Each structure stands twice: as C-alpha cells, then as structure tokens.
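Nothing in this text is a laboratory measurement; each read-out follows from the coordinates by a stated rule. Only a predicted model underlies this, so the values are computations on that prediction, with no experimental measurement involved. All Cβ positions, even for glycine, are placed from backbone atoms using ideal geometry, and neighbour counts span all protein chains on display.
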Amino acid sequence: MSGRYTLEGVVRRYRESRTGRMIEALRVPDLAIAPGEIVAIAGPNGSGKSTLLEAMAFLVRPEEGRVRLDGCDVWGTGQVLAARRRCPLLLQRTVLFQMSVRNNVAYGLRLRGADAAQTRRRTTEVLRLLELEHLADRGPRELSGGECQRVALARTLALEPEVLLLDEPTAHVDQASERVVSKALRELHARLGTTIILASHRDRQTTALATRVVTLVDGRVVASANHPTVPQLP
C-alpha cells in the first residue's frame, strides 16, 4: 500500500528569542503513514509533537527534507493550499466564530460551496454524532470548554476530510466529552477510512484510539509500534 504521508529527512528549526540561537525542534529521517491508519504521536511536553503536526498540515515548511502526501512533494510542486484543505489540523485551543453552534458547524461547508440541502444534512449528522443537538442554537459564550472543543471538531468533521490531524484533542475536556470525541473519531474512521493522526501525552487516549504509536523525544522518533488490539470504547 502506498504511503499517505512520507517524511524524508525532515528538520525544523526556530530561533530562540532570548539568545538568538537556532534551536533544532524536529529531526525525522524517515516516517511513513499509510492511508487509513490511526497514528498517535506520543511524547512529553516539548518533544516536538505539535511541530510535527504543523509540518504534516503544511502550515510550515521544513528547513530540510520533504513531506510527501500521496507521493506528491507538496512544497516542491506548489500544491500547498490544496494540501492544507485535505489535511486540516485541529488545535488544542480552537476559536469559534461568534455565531450559533449550528452556524459554526455549517461555516466550512458554505465556504466550500455546498448547497443548502447538503449543508443542512451534514450539519445535522455531526451535531448528532458529537451530541450537540441540544446546543445547536447557543453561542460560544454559553458553552463549556469541552463543548467548544466538540463544536470545533464537528466543524471539521462536517467537511469529511480524508486526513485529520489533532493536537491534544481531549487535553482540556471532561471525561464525558472525551468519550464523545473518541467515539466520533472511531465512527469517522469506520465510515470513511480517514487517516487520523493525533498528538497526545496521555497513555489512556493513545491506547483507546491508535492502531500505531510513534514516540517522540527531543524532536526525534525513538519508537514506532503497532497496537496488537484496539479496545472497544464504552
């Protein structure tokens, strides 16, 4: 099976504000992710998880190396905007628009030209999937942190992405919201075969969702292992 992602000699650096020195944040000589995998990027805070996700979302260009998507050297061929649309990244703290939950979820569909019937159908589906129907007419200021994160995820899932990147998707939510988010991701994967890549430092979350765990330490891949089984969610 051809790789959905292939990273070759990827290096990311940034300039330290205090000293002005260039710091190497990420060095990945070789990493491949197949279509339909659910991969957890695990590691302690500061290990490079978010930096790796940003590179895979094509938000930043590596100083060295290539990030290929379905065999295409995205930066080299100038296909960056198209790749960003295919590979949305959901951050830990996502800002919602000052409009109802329903309109937040529908926003991306309307922006991409979906007709009214398709927008209504997909919005209804993801509101139900993430157990947000009863909040559909509320605004962001009336929601808890966990509810806001579920709305942000619903807005992304409504687009039915072929790749979904998530940075600590349940780090700031309660257990009930964590259960709903995990269930929604499983259903998305089962229905569409979406490639899901999530960063997490929480063992419970990676065990519950991932079919493979890639461990980062100091910006380097130190382990990559398949899960023998994936436990059923409650």
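Backbone geometry of the range 160-165 corresponds, through the Karplus equation with coefficients 6.51, -1.76 and 1.60 at θ = phi - 60°, to 3J(HN,Hα) couplings of 6, x, 7, 10, 10, 10 Hz, x marking Gly and Pro.
A convex hull fitted to the Cα coordinates of the range 94-160 yields 74 cubic angstrom per residue. Note on the range 94-160: dipole from Cβ charges, positive end direction compared against 117, 151, 94; the farthest Cα belongs to 117. If both residues of a DSSP beta bridge must be in the chain, then about 60% of such bridges are antiparallel. Counting Lys and Arg as +1 and Asp and Glu as -1 over every other residue whose Cβ lies under 9 Å from the Cβ of residue 127, the net charge comes to -1.
Taking 13 Å as the cut-off, no amide N atom of the range 132-146 comes nearer than this to a point 7 Å along the Cα-to-beta-carbon line of residue 112. Here are several values of Cα Rg over 2.2 N^0.38 Å: [x] 1.02; [y] 1.47; [z] 0.97. Which one was derived from the coordinates shown? Given [x] 1.02; [y] 1.47; [z] 0.97, the structure-derived one carries the label [x].
What number, in percent, do you get for the relative contact order of the chain if the mean sequence gap of Cα pairs under 8 Å and at least 6 apart is divided by its residue count? Don't skip to the answer; put the middle values down first.
On the way: 452 pairs, mean separation 64.5, N = 234.
Reported as a whole number, the value is 28 percent.
Between residue 175 and residue 73, the modelled labels are 5.1 nm apart [label points 7 Å from Cα along Cα→Cβ].
Residue 174: net charge of surrounding residues, Cβ under 12 Å, Lys/Arg +1, Asp/Glu -1, itself excluded?
After counting each charged neighbour, the total is 0.
Considering only 184, 35, 74, and ranking their Cα positions along the charge dipole of the chain that arises from unit charges at the beta-carbon of Lys, Arg, Asp and Glu, the one farthest toward the positive end is 74.
At a Förster radius of 41 Å, what calculated FRET efficiency corresponds to the Cβ-Cβ distance of residue 224 and residue 134, to the nearest 0.05?
Working: r = 41 Å, r/R0 = 1.00.
Here the calculated transfer efficiency is 0.50.
Our helix-only sum for the chain, with -39,500 (n - 2.57) per DSSP H run of n ≥ 4 divided by its residues, gives a mean residue ellipticity at 222 nm of -10500 deg cm²/dmol.
Neighbour counts of other C-beta atoms within 10 Å: give me 138, 18 arranged from fewest to most.
Details: 138 15, 18 5.
Fewest-to-most ranking of 138, 18: 18, 138.
Placing a label point 7 Å from the Cα of residue 160 along the Cα-to-Cβ direction, the residues of the range 64-97 whose backbone N falls under 16 Å of that point are 86-87.
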